[in-house]
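Chemist: Sharing a structure below in structure tokens format, with a few things to ask.
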Amino acid sequence: RASQPQADPFQNLLVYRDLKRAILQRVGRTPEQHRQRFRTLTLEESGRPFVMAQQLRDSCRKWLMADSSDVEDVIDRVVLEQFVAKLPRKTAQWVQCHRPTSLNQAIQLAEDQMVACPGVGDPLPSATLSLSLFPSPLPLQTCTSS
């Protein structure tokens, strides 16, 4: 009887990460939800400064360290969020619609959209632009010539 080939441990790790992500999404605790909680938590919700600080730390850790503990991944997540927040509104919406998983993907989407749709608008003040990378799905933006 021929022996079965051994499963690649690295492949098992990838399957585990995918399974973990799927389970967390199913129970409603995605990294994006932790990011939103981190950004919106108030003292009124927490009741006490100590509790709020702990909840902020917990949400931030679960957001930034969701898939790995690599410092570069953490930096990329923060930079990706700020990059999208600083884009002109229509370009930011376009990038958000495509849910980039890396800064390089977001850059390419923004570049492509700005070339395809010149004059997409001026950047909005950050206070008026949603900071969420993954809000409820937006309708696909189309280029219109004015």
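Read-outs: derived from the displayed coordinates by stated rules, not from any lab. Quick caveat, the model's predicted, so the values are computed rather than measured. No Cβ is skipped: glycine too gets one built from the backbone with ideal geometry, and neighbour counts run over all protein chains shown.
Chemist: What FRET efficiency would be calculated for the residue pair ARG61, GLN108, taking the C-beta separation as r and a Förster radius of 25 Å, to the nearest 0.05?
Modeler: It comes out at approximately 0.30.
Chemist: Going by how many other Cβ atoms sit within 10 Å of their own, how do SER59, SER102 line up, fewest first?
Modeler: Ordered from fewest to most neighbouring Cβ atoms within 10 Å, SER59, SER102 come out as SER102, SER59.
Chemist: Would you kindly state how much longer the chain becomes between GLN33 and PHE50 on full extension, computed as 0.36 nm times their sequence separation minus their alpha carbon distance, in nm to one decimal?
Modeler: Value of the extension gain: 4.0 nm.
Chemist: Highest mean first, how do 71-78, 43-50, 82-89 rank when packing is the count of other Cβ atoms within 10 Å averaged over residues?
Modeler: Ranking the peptides 71-78, 43-50, 82-89 by packing returns 82-89, 71-78, 43-50.
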